[in-house]
Amino acid sequence: MKKVYTAPNIERNSAGSINKFAHKSVVSHQDNIEGIPVRVLTESYGSPLFVFSETVMRKRYRKLVDTIKMHYPNSEVSWSYKTNYLSALCNIYHQEGARAEVVSGMEYEMARRNGIDGKEIIFNGPGKRRHELVRAIQDGARVHIDHMDELYLIEKISEELDIIANVAIRVNMDTGIYPLWTRFGFNYENGEAFRAIQRLLLGRRMKLVGLHTHIGTFILDANAYYWAAQKLLTLAERVETDFSIVVDYIDLGGGFASQNTLHSQYTPGEFSSPSYDQYAVAIGNAFNESAFVRAHNPRLILETGRVLIDEAGYLISTVIAKKNMPTGERAVILDAGVNTNITAWWYKQKITPTRAFPGTYQNTIFYGPLCMNIDIIRPAVPFPDLHQGDMVIVSPVGAYNVTQWMQFIEYRPAVALISETGKVDVIREKEDLTDVCHREYLPEHLKRL
């Protein structure tokens, strides 16, 4: 078979350009995403543009499920809607077998709109309203109780509806990482979680089906999940001993880190973030050591989001202008700012040019188009000399951006999905003035002719 010809590409390099992490200081270019040329994407759908890879999403989900089941077979994954709740992306994970984990009434409605049965939804969050709880209880959803006021409200609703609600208790705890997320749920160490369970069972209006914790976000110490699992399993064993109740599942929440690099990190995320195996080993060890598990084989639930989708998302952005700063650094102004890519505040994201560049490198700060000094996409990084109209790819950006983006002085951009077959679909159109104003009402006396 004749080989396909690929044109050679020569990029500038220099001796001594490898740093201590075996990274080149020379920036390689990327002119396509999943084989689709960047310029074709922007000519079709505009810039800035979010692009997601269905192939990467499915591969990462399958790998996580296989890895977890290797260490504890009775496991399942619920897709965390707050990470990215575009319907097309949620349904990729639902097709793969994920249930839905939501943290608000809005997200609950989204999951139901996507065809997810109430019994397949985990309802988390500290701010559930009464009407939202009524619907969730009627649908048979699993409601994770966050505080005593919610416990009492569910008890009253269950009595009014004459329905036994399926609930779990959210537990906060010390797993050796800081800061502790003690504002959510009931504390393990001071006995608050066990007292909440006592009170729940005393009311006889709810069925305790699980125990839940979510120890934090972007957890870089996989062993923290060993202690989280161990403490919940110990609590489950005590509940069985004292009340003869066996919970169906142990929910360890999410928080797995992607390969992004936090601003506070020195080591790049690709080296410092734990692998799927490291998380799975820590969790599996706790489960396999537990007498409660050997006796009852409870389901393990993970509510993962970021680690599944962050690397599947790209942001294409175009250079509007550049200027030299008094510090000697170069400033590049992009058409995408932190209103679009809010996670730039958290991470040192990778900026990749979309064509090869000759010439010298200069420390370059990437700014967005906002009239705010905090609109920084990437602090100073050695970079070739970009020009107006050049494009860059910012990555990974798959998690949290299209749920936390803002309509601040700019329209939110289109979002495209590249399918496994290479077909490109727009899964959210670029906004226009109608999207911004259509819910406004202008009183008659304020109208101008």
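Read the figures in this text as sums done on the coordinates, not as results from a lab. Model, not experiment: these values are computed from the prediction. All Cβ positions, glycine included, derive from the backbone under ideal geometry; neighbour counts span all protein chains shown.
Listed options for semi-axes √(5λ) of the Cα gyration tensor in Å are (1) 39, 25, 23; (2) 43, 27, 20; (3) 54, 22, 17. The value calculated from this structure is the one marked (2).
The HN-Hα couplings worked out from phi for the stretch 352-362 by the Karplus form 6.51 cos²θ - 1.76 cosθ + 1.60 (θ = phi - 60°) are 10, x, 9, 8, 6, 10, x, x, 7, 9, 9 Hz, whole numbers, x standing for Gly and Pro.
Could you sort 231-239, 243-251 so that the peptide with the highest average Cβ count within 10 Å comes first and the rest follow in order?
The densest-packed peptide leads the list: 231-239, 243-251.
Between amide H atoms placed 1.01 Å from N, distances below 5 Å from Arg428 occur with Val415, all of them 5 or more places distant or on a separate chain.
Taking amide H atoms as placed 1.01 Å from N in the peptide plane, the amide H of Val171 lies under 5 Å from those of Phe186, His212, Thr213, His214, each 5 or more residues away in sequence or on another chain. If I fit a long axis through the Cα atoms of helix 54-71 and take the longest principal axis of the Cα atoms of the chain, what angle between them do I get, 0 to 90°, rounded to 10? Once rounded, the angle reads 40 degrees. Here the 3J(HN,Hα) profile of the stretch 144-159, calculated from phi with Karplus coefficients 6.51, -1.76 and 1.60 at θ = phi - 60°, is 9, 7, 9, 7, 5, 4, 5, 4, 5, 5, 4, 4, 5, 5, 4, 5 Hz, Gly and Pro shown as x. The angle between the Cα long axis of helix 130-139 and the main principal axis of the chain comes to about 80°, on a 0 to 90 degree scale. Residues Leu64, Leu49 in ascending order of nearby Cβ atoms (within 10 Å, fewest first): Leu64, Leu49. Our coupling estimate for the stretch 28-44, obtained by passing each phi through the Karplus curve with A = 6.51, B = -1.76, C = 1.60 and θ = phi - 60°, is 6, 9, 9, 9, 8, 10, 6, x, 9, x, 4, 5, 5, 5, 6, 5, 8 Hz, Gly and Pro reported as x. Taking the longest Cα principal axis of the chain as reference, the axis of helix 276-289 is set at about 10 degrees. Calculated [222 nm] ellipticity per residue, helices only, for the chain: -9000 deg cm²/dmol; basis is -39500 (n - 2.57) per DSSP H run with n ≥ 4, divided by all residues, nearest 500.
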